[in-house]
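Some notes on the structure that comes next.
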Amino acid sequence: MRFIKAKGLVALLFLCLSMPIMADDVIYITTEEFRARIFDYKEAREWSYAGDKPCVIDFYTTWCGPCKRLAPIMEELSQKYCDQVVFYKADTEKERELARVFGISSIPQVLYIPVEGRPMLLKGLYPKEDIIKIIEEFLLKGNKE
């Protein structure tokens, strides 16, 4: 009986450790929400961001190792920049249309969207310091609130 309980606890611990941990500040976004909050690509021809704060969209899947390593970085940065930048996550297996619109064929990919200007899509897992630099220089343009 002890073996069964221990085995069950090990399985539960493994499940908890393998799941990405996300802060309340990171928002899981659907294709429909993207069209409402960020850009309605079905209605508009030219890029025009609908938000009032810059945003970051982490395109991921639940089974992707690099995506799991990126998740805690995004969580930490979403807390650090919570008043200045909106952080989203889009599961490419659930939001296939959205992934197709941005040509997401490998993951992770992160879309950085400034309030003014065109977004920037980067492939791969970048170090936290590089992501901070992108947020500071591209999204916030060196401005601190």
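What follows draws every value from the coordinates through simple rules; no lab data is involved. Since the model is a prediction, treat every value here as computed from it, not as a measurement. No Cβ is skipped: glycine too gets one built from the backbone with ideal geometry, and neighbour counts run over all protein chains shown.
Assorted remarks:
- Close amide-amide hydrogen proximity is noted between Ile27 and Phe87, Tyr88, Lys89, each under 5 Å apart and 5 or more residues distant or on a separate chain (H modeled in the peptide plane; Pro and chain starts excluded).
- Taking each of Lys42/Lys68; Lys42/Lys128; Lys94/Lys141; Lys42/Lys94 in turn, the alpha-carbon distance tops 28 angstrom for Lys42/Lys68; Lys42/Lys128; Lys94/Lys141.
- For Thr61 and Ala36, a Förster radius of 25 Å and the Cβ-Cβ distance give a FRET efficiency of 0.60, rounded to the nearest 0.05.
- Each peptide among 71-82, 46-57 gets the average number of other Cβ atoms lying within 10 Å of its residues, and from highest to lowest they stand as 71-82, 46-57.
- Segment 104-133 versus segment 34-61: alpha-carbon centroid distance in Å: 14
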